[in-house]
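First comes the structure, then the notes that go with it.
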Amino acid sequence: MKVSVVLVLFSVFALSHGFIETITGAVTALQPVLSMFKTEKSTKMGQLQQQTGFKSLDTHTDMASGSTRRSNLPRMFAYWVSTLPLGNEYKAKLSQFMQGAEWEEFLDPYSTLTQDFKFADGKGGVYYFKAVLSLHESNPDVIRWEKVLWSAKFQVAQPFCIVTKSKSSFFGSKVTDEVRYFQATLNPEHIAALRDIAIPFMFVTSPSGQVLIDKQ
């Protein structure tokens, strides 16, 4: 009884070993055919292209003059600030400057100038505000005023390159192009463009004192 069991086990083992060899041989024989169904992919980046100018540019100019009674100055200043196309941070700065003018005697013409220039992450903004106040010649209770506001919001055009992706297999091939953008930088050409569209007598300086825009 024990001998017959051993013979059966040897037979099963021989059958299994032969089956594995058969499968292995079949897979090896199919390698050339299977390679036909292999998918190949590749990615190629083109040359970096530098763009000029702006992706977006929005400017605003407000120039006005007139006269008002001295008692109306706070309301006039508040109205000016409320109509400016600026953020709350800039409006708060202008409000502080204008509050100082309310205490002036205006024996000499009073003028105030504020400007700000910022650029980060491809986006920037510049604003210029100037106000001149003086006594009316015929009435000391009347104040003559002049104001000039110029502001711009812009986004510098980003450099880019074309990324070509290809995919091929036995069933066909496919090629796609994708535009990939990179960090934009501010250069002298952008400053020159802002200078060309700025009001004739506007100038802007950097925090270090360097003149960026000068049209005086």
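Bear in mind these aren't lab numbers, they're just calculated from the coordinates by the rules spelled out. Keep in mind that this is a model prediction, so the values were computed, not measured. Reconstructed Cβ throughout: ideal geometry from the backbone, glycine too, with neighbour counts over all protein chains shown.
Numerical summary
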| read-out | value |
| --- | --- |
| Pick from segment 111-144, criterion assigned to a strand (DSSP E or B) and over 43 Å from the mean Cα position of the chain (by Cα), ranking: farthest from T83 (Cα to Cα) | L135 |
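This table checks each residue for (1) within 30 Å of A131 (Cα to Cα); (2) loosely packed, with under 13 Cβ neighbours inside 10 Å; (3) touching a residue at least 60 places away in the same chain (Cβ under 8 Å).
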{"residue": "A152", "(1), (2), (3)": "yes, no, yes"}
{"residue": "Q158", "(1), (2), (3)": "no, no, yes"}
{"residue": "K165", "(1), (2), (3)": "no, no, yes"}
{"residue": "S168", "(1), (2), (3)": "no, no, yes"}
{"residue": "K174", "(1), (2), (3)": "no, yes, no"}
{"residue": "V179", "(1), (2), (3)": "no, yes, no"}
{"residue": "L186", "(1), (2), (3)": "yes, no, yes"}
{"residue": "E189", "(1), (2), (3)": "yes, yes, yes"}
